[in-house]
Every structure is written in C-alpha cells, then in structure tokens.
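Down below is the structure, laid out as structure tokens.
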C-alpha cells in the first residue's frame with residue numbers, strides 16, 4: 001500500500017581520491033571529508049609522509065560513491081609516474097584553502 005509519502009533515502013557517503021603536491025613529491029590518498037583531511041595534512045596531523053613533506057597544494061580530487069571504488073582507483077593512481085598523476089589531477093581540479 002502506497003501512502004503517497006516519499007521516504008527520503010539515506011544519501012551514500014561521498015568518497016574522494018585526492019592528490020597533494022608536497023614539498024618533496026606528491027601524496028595520493030582517499031577520504032570521505034576532503035576539507036577536513038586536507039586540513040589535517042596541512043597542520044601536521046595527516047599521514048607520516050605529509051608530516052615530513054608538508055603539502056603545498058591540493059592538485060585534484062575525484063569523487064566516488066563508496067570507499068571500495070575510491071580504494072581501487074587509489075591503487076591504480078599510485079602505480080602511475082608523478083607526471084601521470086599530475087595529468088590526472090588536471091581532470092579533477094579542486095580549490096581548498098589551508099588554514
């Protein structure tokens with residue numbers, strides 16, 4: 001029986017594959033909160049690599065519907081050369097400020 005009431009569906013969490021330009025190289029990762037994760041990297045509370053090589057810029061971020069898809073894409077991107085990674089990032093530009 002349909003009461004005519006539309007039930008809101010639970011939104012799927014948005015996951016992102018992102019690429020950082022760091023002081024000495026690039027860093028590739030995934031997150032479900034891009035702004036919070038970028039801020040963590042910028043303040044020395046992110047990954048070990050970004051604590052030693054702080055981010056200079058967030059080069060790009062591609063959205064995914066779930067963590068599994070983002071993880072698969074992360075693996076593929078990590079197999080690429082730094083120049084290939086930077087080319088990928090140009091397809092997914094993003095603007096976030098580090099505070």
* To do: Any chance you could run the full-extension gain for residue 87 through residue 32? It's 0.36 nm times the residue separation minus the Cα-Cα distance, nm to one decimal.
  => 17.5 nm
* Which whole-number percent gives the relative contact order of the range 10-99, counting Cα pairs below 8 Å spaced six or more residues apart? -> 36
* To do: Would you mind calculating the gained length between residue 72 and residue 57 on full extension (0.36 nm times residue separation, minus the Cα-Cα distance), in nm to one decimal?
  => 3.1 nm
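The numbers here are math on the coordinates, done by the rules we state, and not lab data. This structure is a prediction, so every number in the text was calculated from the model and none was measured.
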